[in-house]
Amino acid sequence: MSFKIAASPHAHQRRTTQQVMRWVYMALIPGLLVQSYFFGLGVWVQMLLALGTAWLSEAACMALRGRSVSQAWQDHTAVVTALLLAISIPSLAPWWIIVIGTAFSVIVVKHVYGGVGQNLFNPAMAGYVLLLISFPVQMTAWPVPQELALYSISLSDTAQLIFTGFSNAGYNLEQLRLGIDGVTMATPLDSLRTDLAQALTVSEATNKAMFSSALGGIGWAWLNLAFLLGGLVLIKVRVISWHIPAGMLLGLLVPALFMSWFYPDQSVGPLLHALSGATMLGAFFIATDPVTAATSNRGRLYFGLLIGLLVFIIRTWGGYPDAVAFAVLLANMVVPVIDKYTQPIAYGHGGKL
Amino acid sequence: MSIPITLIEQGQIWSFPGGIHPPQRKQLSNTTPIATLPLASEFYLPLRQHAGEPGELLVSVGDHVLKGQAVSAPGLNNALPVHAPTSGTIIAIEARPIAHPSGLADTVVVLSADGLDQAAQPQPHSLSSDRTQLIDALRQAGIAGLGGAGFPTAQKLALQRPLEYLIINGVECEPYISADDRLMREYADEILRGTEILMHISGAAKALIALEDNKPDAIDAFKRVLPKYPAMSLRVVPTKYPSGGEKQLIQLLTGHQVPSRGLPSDIGLLMHNVGTAYAVHQAIDLGLPLTQRVVTVTGENVSKPGNYWVPLGTPVAHLLAHAGFKPEQAQKVIMGGPMMGFTLGNLQVPVVKITNCLLVPGAQELSPPADEMPCIRCGACADVCPAQLLPQQLQWLAKANDYDGLNKQNLFDCIECGACAYVCPSEIPLVHYYRKAKAEIREIAREKSKSEVARERFEARKQRLEREKQERLERHRLAAEARQQAQQQAVEQGAPNPNDAVQAAIARAKARKAAQAAAAEQAAAAEPQDDNP
Ligand code: SF4
Ligand code: SF4
């Protein structure tokens with residue numbers, strides 16, 4: 001009788017990449033529900049489009065690279081990329097936006113660099129930046145939170161808008177984005193920076209309907225809280241470590257705190273920073289992408305701090321209202337340097353405990 | 001950098017980075033007392049069961065040996081003797097498969113037991129003997145570290161360095177294994193007596209007995225006998241794998257790290273396993289050489305899991321059969337634990353000094369192997385690495401055969417604990433890659449040193465020949481000068497003087513002699529040179 005030969009260790013923790021990814025999907029659910037509630041069901045349509053595109057692109061790449069196509073189905077990184085991109089873009093954006101973005105993320109950002117684990121840049125964020133630069137109008141056209149909207153949008157309207165650009169009743173997106181006050185609505189961050197640039201004080205700028213019930217703007221605050229909740233669950237079940245989110249939030253909020261001490265009238269303030277835009281989605285779901293983050297725990301903390309700081313700088317002085325995507329890509333470029341200087345000291349090489 | 005004695009004396013326990021908590025599954029084997037095993041009919045005694053060279057053979061085929069009689073002698077390069085585990089006849093001395101991850105064959109003495117189990121006269125020693133005598137007694141008893149590394153105990157003790165603490169390692173952190181646990185529960189006093197002997201020989205004034213908090217019975221057993229041994233104290237460390245690793249345990253107990261490529265004695269420490277301490281007691285107090293050890297037999301596919309006193313050399317098949325082994329399709333037989341053990345392809349290999357466990361898991365017991373997926377850089381491996389390495393980086397470098405990079409990333413500080421591979425969600429057999437890379441790097445180093453030695457020899461020979469040639473030329477030159485001088489003298493002094501003729505003759509003879517000597521030199525030089533520098 002012959003016995004099986006295998007290399008140690010023979011025991012293995014029963015948590016595979018698939019299981020990790022399942023946790024990530026589940027942790028996204030609170031955020032998705034909130035997003036659907038405030039901004040309509042567009043996000044689900046976008047996710048379906050993104051998933052379809054991601055799978056097709058993934059399979060095509062695997063086939064072109066002579067790999068087994070079935071392995072692509074097992075690899076969930078493309079799925080996560082697609083979902084994050086779909087969540088990040090305005091939920092009523094035309095269909096080709098998400099298709100172009102996802103295809104670019106998967107084909108260029110991931111596979112051209114060598115596939116899973118090899119890419120330097122966060123695929124979802126690289127796709128997002130490509131879209132933002134190429135199609136700035138569509139990419140900033142966030143729908144109005146439903147309680148502030150002049151018109152309400154049904155599911156079939158949503159699909160119509162995404163695929164044809166017009167709702168059932170024949171309104172286009174710009175018309176639908178009129179707020180109750182009849183003015184086209186910008187996102188809270190957008191509106192704030194425009195107003196601050198026009199030398200309004202923060203209290204004047206936030207004296208708008210969109211800020212009426214929650215800091216960070218109606219909808220956005222709840223959305224961020226929902227992603228925060230999902231993110232905390234991920235830390236609890238040890239799918240992500242706390243280092244990157246904590247670093248990013250610190251890097252963003254500490255400077256914001258200082259700014260609001262010294263220039264209370266012209267600065268946004270930490271709470272608004274924390275609860276608006278893509279802050280929480282970025283901190284817990286995007287920046288934590290393991291492939292493109294720093295390696296060691298200390299490195300991850302620095303990586304997070306850098307992203308947070310960059311978000312703060314770009315939001316405060318930069319040309320774009322939100323900055324998570326740019327900050328993440330910039331930090332991705334610095335990862336090799338961070339890794340070089342934060343390599344843990346191996347046992348017996350004179351390190352402290 | 002010296003260890004913080006005051007804090008250690010206060011009983012402080014430090015921590016080490018990383019580590020994992022795999023399911024323990026020790027209850028499978030640790031609830032019954034250590035059982036004795038009926039004698040096998042044949043024993044296979046590999047001459048090399050320890051870290052070092054095999055000892056020189058003392059027996060030949062046909063010899064009758066008694067239990068405890070040495071079949072090989074201690075010697076240079078850490079050679080340790082091996083003893084007959086029972087009485088019987090040597091029926092063969094041949095290359096046979098031994099228990100080694102490579103499955104390679106090595107020299108094995110085959111003993112056919114006569115069933116009488118007659119023992120040789122034991123030779124106890126007293127602690128009043130000279131230190132070197134005691135060390136020699138341990139060497140003669142064939143004692144090697146029973147914790148797994150198999151380093152000769154005598155060799156470890158022979159290093160004469162000032163020591164603060166002797167650490168007795170009863171941590172046994174690897175899942176399933178309970179051999180040390182049972183030994184501590186049943187022989188706590190003997191272990192501490194062995195510890196006392198080890199302290200006496202090594203000169204360590206204090207000893208720490210370390211074990212994990214998952215062994216409450218063993219802790220109680222020690223607590224009962226410790227009052228007899230005031231220089232020893234108990235240290236209970238939290239259960240975490242691999243806290244029983246020498247380096248990790250030292251970090252737990254002292255807060256300090258053993259320098260890379262250094263020894264615990266560099267920071268005033270010496271560590272021995274509880275099994276070793278027991279064997280030391282047996283060898284010194286009772287005069288019994290190392291011929292048996294406790295082995296855990298466990299896993300779902302044995303009906304009588306537990307611990308056994310197993311005579312060294314017992315075939316694995318005999319031990320498993322006795323424990324009620326029911327093999328299934330594609331059965332794995334693991335020697336050692338699930339984290340660091342290796343699989344056996346052949347059950348006729350013997351139990352040796354470093355065998356602490358045989359694990360025969362059911363098909364679903366340990367997670368079935370899965371396909372290796374690409375690394376997603378999740379960093380889980382780096383989080384658990386107790387050596388603070390970057391396993392995923394090592395993996396990439398190993399796959400790329402980047403040996404310089406591997407050295408820079410301190411591959412050789414990897415203790416092969418397997419924690420990284422245990423957590424890797426992509427199921428990458430990381431340790432397998434490291435082992436392969438280490439073997440290749442060692443091989444390259446060996447080749448290099450071989451060619452280095454050859455080159456040095458060649459250079460030395462060239463230099464010697466060159467030197468000899470120069471000396472020869474110098475002698476020739478001197479001889480020629482002497483000849484010339486003699487001739488010149490003859491010419492200067494003119495022919496008519498009869499004395500001159502004599503003088504000339506003398507000079508000629510001198511010159512001829514010199515020339516002859518030179519010729520002889522030349523002839524000698526032309527003879528083949530011997531190559532040894
Ligand atoms: S645990 Fe596995 S997948 Fe994760 S970084 Fe390490 S090697 Fe890569
Ligand atoms: S096997 Fe080596 S690299 Fe992996 S965790 Fe253990 S020490 Fe670290």
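Which residues, taken from the stretch A:30-55, are of a type in the set (A, V, I, L, M, F, W, C) and without any contact (Cβ under 8 Å) to a residue 40 or more places away in the chain? Residues satisfying the conditions are A:Trp44, A:Leu48, A:Leu51, A:Trp55. If I filter the stretch A:1-33 down to residues being polar (S, T, N, Q) and assigned to a loop (DSSP other than H, G, I, E, B), which single residue comes out as surrounded by the fewest Cβ atoms within 10 Å (Cβ to Cβ)? Checked the stretch A:1-33; the qualifying residue surrounded by the fewest Cβ atoms within 10 Å (Cβ to Cβ) is A:Ser2. Only one entry in B:Leu146, B:Leu104, B:Leu127 is in the same structural domain as B:Val333 (by TED's automatic domain parsing), surrounded by fewer than 19 Cβ atoms within 10 Å (Cβ to Cβ) and not polar (S, T, N, Q), namely B:Leu127. Please verify whether B:Ala419 is away from ligand 2 (no atom under 15 Å from the Cβ), of a type in the set (A, V, I, L, M) and not assigned by TED's automatic domain parsing to the domain that holds B:Ser260, treating the condition exactly as stated. For B:Ala419, the condition - away from ligand 2 (no atom under 15 Å from the Cβ), of a type in the set (A, V, I, L, M) and not assigned by TED's automatic domain parsing to the domain that holds B:Ser260 - is not met. Selection within the stretch B:371-411: residues that are away from ligand 2 (no atom under 15 Å from the Cβ) and either assigned by TED's automatic domain parsing to the domain that holds B:Cys173 or acidic (Asp, Glu) (or both). The member of this set that is farthest from A:Val116 (Cα to Cα) is B:Asp404. Can you work out which of the residues in the stretch B:360-396 that are farther than 29 Å from B:Leu249 by Cα and of a type in the set (A, V, I, L, M) is nearest to ligand 1 (Cβ to nearest atom)? Ranking the candidates gives B:Ile376 first. Checking each residue of the stretch B:57-65 against the condition of being among the hydroxyl-bearing types (Ser, Thr, Tyr), touching a strand residue (DSSP E or B) at 6+ places or on another chain (Cβ under 6 Å) and either surrounded by fewer than 21 Cβ atoms within 10 Å (Cβ to Cβ) or in a strand (DSSP E or B) (or both) gives no match. The set of residues from the stretch B:247-261 being under 18 Å from B:Ala149 (Cβ atoms) and more than 7 Å from every other protein chain (Cβ to nearest Cβ) comprises B:Gln248, B:Leu249, B:Ile250, B:Gln251, B:Arg261. Out of B:Ile354, B:Ile376, B:Ile334, one residue alone is of a type in the set (A, V, I, L, M) and touching a helix residue (DSSP H, G or I) at 6+ places or on another chain (Cβ under 6 Å). It is B:Ile376. Can you confirm whether A:Leu301 is within 16 Å of the chain's Cα centre (by Cα), aliphatic (A, V, I, L, M), surrounded by fewer than 24 Cβ atoms within 10 Å (Cβ to Cβ) and away from chain B (no Cβ under 12 Å)? No: the conditions fail for A:Leu301. Tell me, which residue of the stretch B:321-333 that is closer than 21 Å to A:Lys4 by Cβ and not in a loop (DSSP other than H, G, I, E, B) is farthest from the other protein chains (Cβ to nearest Cβ)? In this case the residue turns out to be B:Ala321. For the stretch B:404-429, a residue qualifies if it is part of a loop (DSSP other than H, G, I, E, B) and either more than 16 Å from ligand 1 (Cβ to nearest atom) or of a type in the set (Gly, Ala, Ser) (or both), and the qualifying residues are B:Asn410, B:Ile415, B:Gly418, B:Ser426. Listed by position, the helices (runs of 4 or more DSSP H) contained in the stretch A:228-319 that have at least 2 residues being under 30 Å from B:Pro386 (Cβ atoms) are A:243-262, A:297-317. The sole residue among B:Lys438, B:Lys462, B:Lys448 that is within 14 Å of ligand 2 (Cβ to nearest atom) and assigned to a helix (DSSP H, G or I) is B:Lys438.
Can you find a residue in the stretch B:135-144 that is among the β-branched types (Val, Ile, Thr), closer than 18 Å to B:Ala73 by Cα, in contact with a strand residue (DSSP E or B) (Cβ under 8 Å, 6 or more places away or on another chain) and assigned to a loop (DSSP other than H, G, I, E, B)? Scanning the stretch B:135-144, I find at least one residue that is among the β-branched types (Val, Ile, Thr), closer than 18 Å to B:Ala73 by Cα, in contact with a strand residue (DSSP E or B) (Cβ under 8 Å, 6 or more places away or on another chain) and assigned to a loop (DSSP other than H, G, I, E, B), so the answer is yes. The set of residues from the stretch B:344-386 being facing another protein chain (nearest Cβ under 8 Å), under 32 Å from the mean Cα position of the chain (by Cα) and more than 24 Å from B:Ser102 (Cβ to Cβ) comprises B:Ser367, B:Ala382, B:Asp383, B:Pro386.
Across the stretch B:276-320, what is the number of residues that are outside any strand (DSSP E or B) and among the aromatic types (Phe, Trp, Tyr)? Residues that pass the stated criteria total 1.
When B:His432, B:His476 are screened for being surrounded by 12 or more Cβ atoms within 10 Å (Cβ to Cβ), within 16 Å of ligand 1 (Cβ to nearest atom) and assigned to a helix (DSSP H, G or I), only B:His432 passes. When residues in the stretch A:42-93 are screened for being in a helix (DSSP H, G or I), within 14 Å of chain B (Cβ to nearest Cβ) and surrounded by 15 or more Cβ atoms within 10 Å (Cβ to Cβ), 10 of them pass.
The values are calculated or read from the model by the stated rules, or taken from the named source; none is laboratory data. Note that the coordinates shown come from a computational prediction; the quantities given were computed from them, not determined experimentally. Here the Cβ is made from the backbone with ideal geometry for all residues, glycine too, and neighbour counts use every protein chain on show.
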